[in-house]
1. Out of all the residues in region 88-104, is one or more among the basic types (Lys, Arg) and either closer than 17 Å to residue 138 by Cα or crowded, with 22+ Cβ neighbours inside 10 Å (or both)?
2. Which of the numbered conditions does residue 81 fail, given that it passes all the others? Conditions: (1) within 21 Å of residue 118 (Cα to Cα); (2) in contact (Cβ under 8 Å) with a residue 12 or more places away in the chain; (3) surrounded by fewer than 17 Cβ atoms within 10 Å (Cβ to Cβ).
3. Run residue 8 past the list (1) part of a loop (DSSP other than H, G, I, E, B); (2) of a type in the set (Gly, Ala, Ser); (3) more than 22 Å from residue 153 (Cα to Cα) and report the number of the one that doesn't hold.
4. Being in a loop (DSSP other than H, G, I, E, B), at pLDDT below 90, under 30 Å from residue 13 (Cβ atoms) and not hydrophobic (A, V, I, L, M, F, W, C) is the filter here, so list the residues in region 129-168 that pass it.
Amino acid sequence: MISVVGVGELMVSSDRQETLITYALGSCLGVAVYDPVMHVGGLLHVMLPLSKADPEKAKRRPGMYIDSGFELLLNQMVDAGARSGNFIISVAGGASMRPEGGDDYFKIGKRNFITFRKLMWKNNFMISHQDVGGSRSRTMSVRIADGLVEVNKKPIAEPVASPDGSRLYGSSLFG
């Protein structure tokens, strides 16, 4: 079973038949946490670094922000039976999604990752795996059965040359 984690949302599971997946990690960060002993995993899709930017919105949607979302993810993992000493933490996203040749004035992707690293350090956690930066959106998934985290940076539609030399678009997911 595949469960989709939306933007600004998080999900925790101990169902070994489940895979959690999130799409469109541009400047956003995807954070996967897995306990290999208890087989509990979680996935968070955050948009912005700090909840103090909009405390009221953070109360309604804590998963939108790294600080409040990561705290909630860890709490839900422990509530589901995970032990923080077992956590394997992976992160993806944090890209610069600026227009071609444009300036990334706000540097949201970079700020998201810096905030996440500081939060990890402050709480004595280590990042086990990361795929951050660049200029491509990503899809991230975590399989609850074994904790496999997959990150895909391929676009859904890539140019494919036709026999006559013209360019067509085909799906990179099904071919």
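1. Initially, region 88-104 is screened for residues among the basic types (Lys, Arg), giving 98.
Of the ones still in play, those that are also either closer than 17 Å to residue 138 by Cα or crowded, with 22+ Cβ neighbours inside 10 Å (or both) are 98.
Yes, region 88-104 contains at least one residue that is among the basic types (Lys, Arg) and either closer than 17 Å to residue 138 by Cα or crowded, with 22+ Cβ neighbours inside 10 Å (or both).
2. Here residue 81 meets the rest and fails (1).
3. With respect to (1) part of a loop (DSSP other than H, G, I, E, B); (2) of a type in the set (Gly, Ala, Ser); (3) more than 22 Å from residue 153 (Cα to Cα), residue 8 is out only on (3).
4. Hits for region 129-168 are 133, 134, 136, 137, 153, 154, 155.
The values are calculated or read from the model by the stated rules, or taken from the named source; none is laboratory data. Everything numeric here is computed off the predicted structure, so don't read it as measured data. We place every Cβ from the backbone using ideal geometry, glycine too, and count neighbours over all the protein chains shown.
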